[in-house]
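Everything on this sheet refers to the single structure shown next.
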Amino acid sequence: MPGSAGEHLLQRAYGTEKRARKFYDDQVLDHLNPLMKEFIGRMELAFVATSDRHGECDSSLRAGPAGFMQVLDDRHLCYPEYRGNGVLASLGNISENPHIGILLVDFVTDLIGLHVNGKARIVEDAGLRAIHPALPAEFDHGRTPERWVVVQVEEAYIHCRKHIPRMMPVLRQRSWGTDDVKRKGGDYFESKGMPRPWHRPEPVGSHDC
């Protein structure tokens with residue numbers, strides 16, 4: 001049966017077992033079917049959720065031209081990791097805890113979403129290309145992946161359209177390949193210079209001989 005022990009416990013407590021079982025039986029797969037593969041191939045963004053070994057969570061956005069997320073086969077997909085801010089929050093979590101949740105949403109045409117849950121691993125670009133030489137060689141604005149996240153699919157299921165807003169893509173100017181904080185919007189929330197708990201003043205005399 002799909003789902004967690006917590007799901008099943010609350011389904012019994014709240015009387016939703018019958019509805020949940022119908023959803024599992026009708027909508028949840030342990031692989032990607034042809035329509036799911038086609039959907040992934042035309043998506044331009046994905047929301048990625050990970051957590052470390054203690055269960056501390058992080059969610060992040062991944063985006064690119066249609067097809068940036070590649071389906072390798074019925075049970076595996078992958079997405080590229082580029083040079084970023086150097087924090088590596090998602091990859092750090094994956095290195096401790098392989099469980100990953102991905103949500104892809106079509107906000108423009110069909111107003112529908114796809115959940116993909118599974119186990120992830122980090123593979124360097126050259127290593128994955130050696131196994132899958134058909135991976136794209138041309139990327140948006142000349143960016144080259146440093147590595148890939150490869151996901152083994154355990155659950156794939158629909159996110160219904162009821163509350164998905166319709167959006168319209170528009171052209172915008174982007175500052176690619178820059179480390180300029182202002183152009184990237186890097187301090188939009190004006191957090192630079194504010195106190196942090198990990199920036200505690202050193203005790204007086206800590207460097208005395």
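The values are calculated or read from the model by the stated rules, or taken from the named source; none is laboratory data. Keep in mind the model is a prediction, meaning the values are calculated, not measured. No Cβ is skipped: glycine too gets one built from the backbone with ideal geometry, and neighbour counts run over all protein chains shown. Just so you know, the surface numbers come from the protein's heavy atoms only, side chains and all, with ligands and any DNA or RNA stripped out. Shrake-Rupley method; radii C 1.70, N 1.55, O 1.52, S 1.80 Å.
General remarks:
- ALA156 of a type in the set (A, V, I, L, M) and at pLDDT below 90: no
- Taken over the range 118-135, residues that are loosely packed, with under 13 Cβ neighbours inside 10 Å and among the aliphatic types (A, V, I, L, M) amount to 4.
- All conditions but one from (1) open to solvent by less than 40 Å² (accessible area, probe 1.4 Å); (2) not in a loop (DSSP other than H, G, I, E, B) apply to ILE164; the one that does not is (2).
- Where MET1 falls short, out of the listed (1) modelled with pLDDT under 95; (2) within 24 Å of HIS132 (Cβ to Cβ): (2)
- Inter-residue pairs, beta-carbon under 9 Å, first more than 14 Å from LEU104 (Cα to Cα) and in the range 53-73, second hydrophobic (A, V, I, L, M, F, W, C) and in a strand (DSSP E or B), 6+ apart: CYS57/ALA49; ASP58/VAL48; ASP58/ALA49; LEU72/CYS78; LEU72/VAL150
- Filter pass, VAL71 being surrounded by 15 or more Cβ atoms within 10 Å (Cβ to Cβ) and out of contact with any helix residue (DSSP H, G or I) (no Cβ under 9 Å at 6 or more places or on another chain): no
- The selection criterion, being touching a residue at least 12 places away in the same chain (Cβ under 8 Å), in contact with a Lys or Arg (Cβ under 9 Å, 6 or more places away or on another chain), under 30 Å from GLN27 (Cβ atoms) and in a loop (DSSP other than H, G, I, E, B), does not hold for VAL149.
- Selection status of ARG62, out of contact with any helix residue (DSSP H, G or I) (no Cβ under 8 Å at 6 or more places or on another chain) and within 26 Å of ILE164 (Cβ to Cβ): yes
- Of all residues in the range 23-59 being aliphatic (A, V, I, L, M) and over 22 Å from PRO98 (Cβ atoms), the one that is least open to solvent (accessible area, probe 1.4 Å): MET43
- Screening the range 24-45 for residues that are in contact (Cβ under 8 Å) with a residue 12 or more places away in the chain and in a helix (DSSP H, G or I) and picking the one that is nearest to the chain's Cα centre (by Cα) gives ILE40.
- Checklist (1) at pLDDT below 95; (2) under 16 Å from VAL71 (Cβ atoms) applied to VAL116, failing item: (1)
- Within the range 86-100, being touching a residue at least 24 places away in the same chain (Cβ under 8 Å) and either surrounded by fewer than 18 Cβ atoms within 10 Å (Cβ to Cβ) or not in a strand (DSSP E or B) (or both) holds for ALA89, SER90, LEU91, GLY92, ASN93, ILE94, SER95, GLU96, ASN97, HIS99.
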